[in-house]
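The values are calculated or read from the model by the stated rules, or taken from the named source; none is laboratory data. This one's a predicted model, so the numbers in the text were calculated from it and none came from an experiment. No Cβ is skipped: glycine too gets one built from the backbone with ideal geometry, and neighbour counts run over all protein chains shown.
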Amino acid sequence: MVVGAADANASARPAPQTTAVPASIAQFRRPPAPPRAPEAIYVRTCGYCHGAHVAPIIRGRGLPAEMVELYVRTGPRGMPAFRPTEISPAELKALAVWVSQSKADPNERAPLDPIPAATKERAQ
């Protein structure tokens, strides 16, 4: 192999054409979706397990909002972690405050309590 031969062939080829790149690609991005209500996030995401006979009940316990945020992002024990693309930082902050301040729902069930409180009250 002759050193420099490849360089000579490269200069004989035409340079690839380049297209202009916009100064900012932000103009092509969709605007962010408005934040979802904490209640809607809870029902669709958290309530799937919490209070549905799978995971501990978290409403009505006065859990610190900071702890709720930490658990949602890190997913301790068997709980999955939720990324910022799944629950935005603004949504998570609102959700954590909502969970922290929420009242207990008598229809939610804990893993060791297969009968909802509302059913128990009707039975008595």
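The residue of segment 68-103 that is modelled with the lowest pLDDT, among those that are surrounded by 13 or more Cβ atoms within 10 Å (Cβ to Cβ), more than 19 Å from ALA37 (Cβ to Cβ) and in contact with a helix residue (DSSP H, G or I) (Cβ under 8 Å, 6 or more places away or on another chain), is MET79. Against the list (1) surrounded by fewer than 12 Cβ atoms within 10 Å (Cβ to Cβ); (2) at pLDDT 80 or above; (3) aromatic (Phe, Trp, Tyr), the condition PHE28 fails is (2).
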